[in-house]
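J.: Below is one structure. I have some questions about it.
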Amino acid sequence: MKILGIESSCDDTAASVVEDGRVLSDVIAGQATVHSPYGGVVPELASRNHLLNIMPVVDKALEDAGVNLDDIQGIAVTRGPGLVGSLVVGLQFAKTLAAARNLPFVGVNHLRGHLLAARIEGDNLPIPKFPYMALLASGGHTGIYLVENEVDITCLGQTRDDAAGEAFDKVARLLGLGYPGGPLIDRMADSQGPKEQFPQSLRQRKSFEFSFSGIKTSVAQRVAQIPGGPDPDQVLAIVRGFQQAVVEILVRKVTLAARSKQISTVVLSGGVAANKGLRKHAREVCDLNDLELFAPPPKRCTDNGSMIAYAGYLALQAGLSDSLDLSPLSGWPL
Ligand code: KG4
Ligand code: ZN
């Protein structure tokens, strides 16, 4: 079964063809240059650029997969959560295609897409078996999820305020580094040298909740204390310390959750899971605790079309589909 998946929930326009759970193509058009002057995503610009990108991205996904629309047996699209103006572009495009071609159509939860992305075949990597404990850390969400199977996914705790990726982006903006902040901070923090110390909110709490607004304020206060602003070495020390604090709390909570529920497999997902420091620290802590770690390749951690095509494939294969009057959902908890 060949499924075309379309993702447009934030600022990336992505499309992918998946055949029986294996990726045949994965195409993405980012918009970093559009939003970078503003230090964050401007919703109106995001939807306009989705409109420009969606046709060429879908065409390229079909071409890369070596198929045409006659070969496609179902259409999957992100229904939410996300920016409504962005979601509506992908959704409308997918519905039109499904109607014109008389194909089954399904709206996918973006979070479910991230949480199942580690199980996509096609990267020559081992696939985690169910059940697993997943960390989902992205620009819009951060939480711990018990993934029992493709259907039963339970949130054990999430952030009370900012998402981890949002903290990366806000701290980068505060330090004048650019947008998106995550990959920039990741590169800068991958260096030896002094580290500032920053607090880890809710560290001692037994719950699996997070809070990242405090660390952003601590960084702002630290920057304000330095007369004339931080010099490049001071920026590096702040960045290293910030990343360490975020990475440690994320890894601590997901591994504690796995141990407390007697789950032996840990999975990383979401854009922040592309972070080198996070992947390295997670590997160390999992090794120490006899937990098996699965970190999908970075391109399947950040937003992509294959996770939507894959989750859509699972739904359609199980006989689930949606009607063509499906509306986008800006908030849609699992
Ligand atoms: O999953 P994603 O692509 O989109 C959402 O669903 O939000 O995540 C985007 C977030 C952004 O905040 C970005 O700064 C962050 O993930 N991110 C990273 C890295 N790559 C992307 N954060 C830390 N290190 C990275 N390498
Ligand atoms: Zn995402």
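The values are calculated or read from the model by the stated rules, or taken from the named source; none is laboratory data. It should be emphasised that the depicted structure is a prediction, and the values quoted were computed from it without experimental measurement. Virtual Cβ from ideal backbone geometry, glycine too; neighbours counted across all protein chains shown.
J.: Take segment 256-294 and flag every residue that is over 11 Å from the mean Cα position of the chain (by Cα) and buried (at least 23 other Cβ atoms within 10 Å of the Cβ).
T.: Residues satisfying the conditions are ALA258, VAL266, VAL267, ASN275, LEU278, ALA282.
J.: Let me ask you something else. Restricting the search to segment 156-171, which residues are under 23 Å from LEU236 (Cβ atoms) and within 14 Å of ligand 2 (Cβ to nearest atom)?
T.: Once the filter is applied, which keeps residues that are under 23 Å from LEU236 (Cβ atoms) and within 14 Å of ligand 2 (Cβ to nearest atom), segment 156-171 yields ALA164, GLY165, GLU166, PHE168, ASP169.
J.: Sticking with this structure for a sec: Which one of the conditions (1) outside any helix (DSSP H, G or I); (2) within 16 Å of ligand 1 (Cβ to nearest atom) does LEU184 fail to meet, given that it meets all the rest?
T.: Looking at each condition in turn, LEU184 falls short on (1).
J.: Turning to a different aspect of this structure: What number of residues within segment 95-140 are of a type outside the set (Asp, Glu), part of a loop (DSSP other than H, G, I, E, B) and surrounded by fewer than 24 Cβ atoms within 10 Å (Cβ to Cβ)?
T.: Total satisfying the criteria: 13.
J.: Here is a follow-up. Could you tell me whether any residue of segment 56-63 is among the acidic types (Asp, Glu), part of a helix (DSSP H, G or I) and away from ligand 1 (no atom under 16 Å from the Cβ)?
T.: yes
J.: I want to confirm something. Restricting to segment 310-328 and keeping residues that are of a type in the set (A, V, I, L, M, F, W, C) and crowded, with 18+ Cβ neighbours inside 10 Å, which single residue is nearest to ALA98 (Cα to Cα)?
T.: In this case the residue turns out to be LEU316.
J.: In segment 202-237, what residues are surrounded by 11 or more Cβ atoms within 10 Å (Cβ to Cβ), on the phi < 0 side of the Ramachandran plot and modelled with pLDDT under 95?
T.: Correct list: ARG203, ARG205, SER207.
J.: Only one of (1) surrounded by 16 or more Cβ atoms within 10 Å (Cβ to Cβ); (2) under 30 Å from GLN73 (Cα atoms); (3) more than 14 Å from the chain's Cα centre (by Cα) is not met by PRO333, so which one is it?
T.: The single condition PRO333 does not satisfy is (1).
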